[in-house]
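Input: a single structure, listed below in structure tokens.
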Amino acid sequence: MDRGLIRRAAEDILKARRAVAFTGAGISVESGIPDFRSPGGLWSRFDPDEYAHIEAFRRDPEKVWRMLREMLELTLGAKPNPAHRALAELEELGLLRAVITQNVDGLHQRAGSREVIEFHGTQDWLVCLGCGWRRPSEGITPEEIPPRCPHCDLILKPDVVFFGEPIPWQAQRRALEEARSCDLMLVVGTSAVVFPAGELPILAKRQGAIVIEINKEPTVLTGSISDYLIQGEAGKTLPLIVQEVKRLRHETP
Ligand code: APR
């Protein structure tokens, strides 16, 4: 772990006035939820065109529910890890305005983050594409899968954004607002290859924000959009940054 970059990130965060975080699946890997594109990730086992596109769901919802069941089992039992808690602590310290997340696992909220913008929706709710009826995913039993709407008997869909679906307009508006007005963006655990989410760090950079990347490995942002990459696991890096922030803050009241 590069201690010099940990110190630099802590100093940048303390100087920032409008810092935000932008997170992807990598921040939840240490909670036991595999990401999508690393070796062994979800897309190495399920072809996203066949399982994660809205047309695939409409065509064969029971087939898609074979993947969704695995995702639900992983996420409903998962716990926030030190990376989620570190971002919640930065918000608590008044140093982070919001977390914009591509994740649907709800772990930022369970770690204590209050301002969370769910750019790809949430797995916490199931919705009927026919009549709009909704129920929480919590408490769903294996016998109920695939769950059906009690009114029109259609198979319910998790309230997540499938490929081919629009981003919820409130989330998109808020995320764009934050990306366009922040002076620092922590980009944590995302390959940044999916759009429009991947546009957010580019927008932040374009309007002059410092972009700090925290990732296990370099991404398409590294060396062009990111000011610097702190390479390593988020569950180790972020707590070290928060620890350094508190040490520096204590030193210079
Ligand atoms: N710490 C930090 N980074 C990590 C860790 C970790 N412990 N584990 C993995 N990573 C990094 C990987 O190196 C990769 O760069 O996290 C990133 C995960 O990338 P993806 O699997 O592509 O996930 P994400 O960027 O969130 O995907 C975006 O694509 O499939 C859609 O809707 C889905 O929201 C998702 C979107």
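The values are calculated or read from the model by the stated rules, or taken from the named source; none is laboratory data. Bear in mind the structure is a predicted one, so any value in this text is a computation, not a measurement. Cβ sites come from the backbone with ideal geometry, for glycine too, and all protein chains shown count toward neighbours. Just so you know, the surface numbers come from the protein's heavy atoms only, side chains and all, with ligands and any DNA or RNA stripped out. Shrake-Rupley method; radii C 1.70, N 1.55, O 1.52, S 1.80 Å.
Bin by bin, in steps of 10 Å, what percent of the Cα pairs in the range 62-156 do you find, going until the bin that has the longest distance?
Whole-percent P(r) values from 0 Å outward: 15, 40, 27, 14, 3.
Quick check on packing: order 40-53, 149-162 by the mean number of other C-beta atoms within 10 Å, highest mean leading.
Packing order, densest peptide first, comes out as 149-162, 40-53.
Calculate the spin-label point distance for E251 paired with F195, positioning each point 7 Å from the Cα along the beta-carbon direction, and give it in nanometres.
4.2 nm
For the chain, modelled as a GNM with alpha-carbon contacts under 10 angstrom, which of T141, T219, T101 fluctuates the most?
Top of the fluctuation ranking is T141.
For the chain, give me the percentage of DSSP beta bridges that are antiparallel, rounded to the nearest 5 percent.
Of those bridges, close to 25 percent are antiparallel.
With charges set only on the Cβ (+1 for Lys and Arg, -1 for Asp and Glu), what does the dipole of the range 180-219 come to about its Cα centre, in debye to the nearest 20?
Here the size comes out at about 80 debye.
At R0 = 22 Å, how high is the FRET efficiency between R114 and E177 if r is their beta carbon distance? Nearest 0.05 is fine.
In this case the efficiency is close to 0.85.
Just the number, please: carbon plus sulfur as a percent of the accessible area of the chain, 1.4 Å probe, no ligands or DNA/RNA counted.
52 percent
Students often forget the sequence filter, so: which aspartates and glutamates lie under 19 Å Cα-Cα from K246 once same-chain residues fewer than 8 apart are removed?
Counting by Cα, and skipping residues close in sequence, K246 has these aspartates and glutamates nearby: D2, E11, D12, E89, E91, E92.
Compute the acute angle (0 to 90°) between the alpha-carbon long axis of helix 234-251 and the principal axis of greatest extent of the alpha-carbon atoms of the chain; round to the nearest 10°.
Helix 234-251 and the main axis of the chain meet at about 40 degrees.
If I measure Cβ to Cβ between cysteines in the chain, which ones have no partner under 4.7 Å?
Unpaired cysteines in the chain: C131, C152, C182.
Computed FRET efficiency, Cβ-Cβ of D2 and S224, R0 25 Å: what is it to the nearest 0.05?
0.80
Once R0 is set to 22 Å, what does the formula 1/(1 + (r/R0)^6) return for the Cβ-Cβ distance between F163 and R206, expressed as a FRET efficiency to the nearest 0.05?
It comes to 0.30.
Any number yet on Rg/Rh for the range 1-93, C-alpha, Kirkwood?
1.11
Give me the net charge for the shell around G132: Cβ to Cβ below 12 angstrom, other residues only, Lys and Arg +1, Asp and Glu -1.
Every neighbour counted, the sum reads +2.
With both bridge residues required to lie in the range 148-253, what share of the DSSP beta bridges run antiparallel, to the nearest 5%?
10 percent
Assuming 1.002 mPa s and 20 °C, estimate D for the chain with Stokes-Einstein, Rh taken as the Kirkwood radius over Cα pairs, in µm²/s.
Translational D for this selection: 114 µm²/s.
Leaving out ligands and nucleic acids, and using a 1.4 Å probe, what accessible area per residue does the range 113-253 come to in Å²?
48 Å²
How would you rank 118-124, 59-65, 210-216, 131-137, highest first, on the average number of other Cβ atoms within 10 Å across their residues?
So the order, starting with the most tightly packed, is 210-216, 118-124, 59-65, 131-137.
If we restrict to alpha carbons, what Rg and Dmax does the range 103-231 come to, in Å?
So, for the range 103-231, Rg and Dmax equal 17.5, 53 Å respectively.
Given labels modelled 7 Å from the Cα in the Cβ direction, how far is it in nm from E217 to I145?
Placing both labels 7 Å beyond Cα along the Cβ direction yields 2.9 nm.
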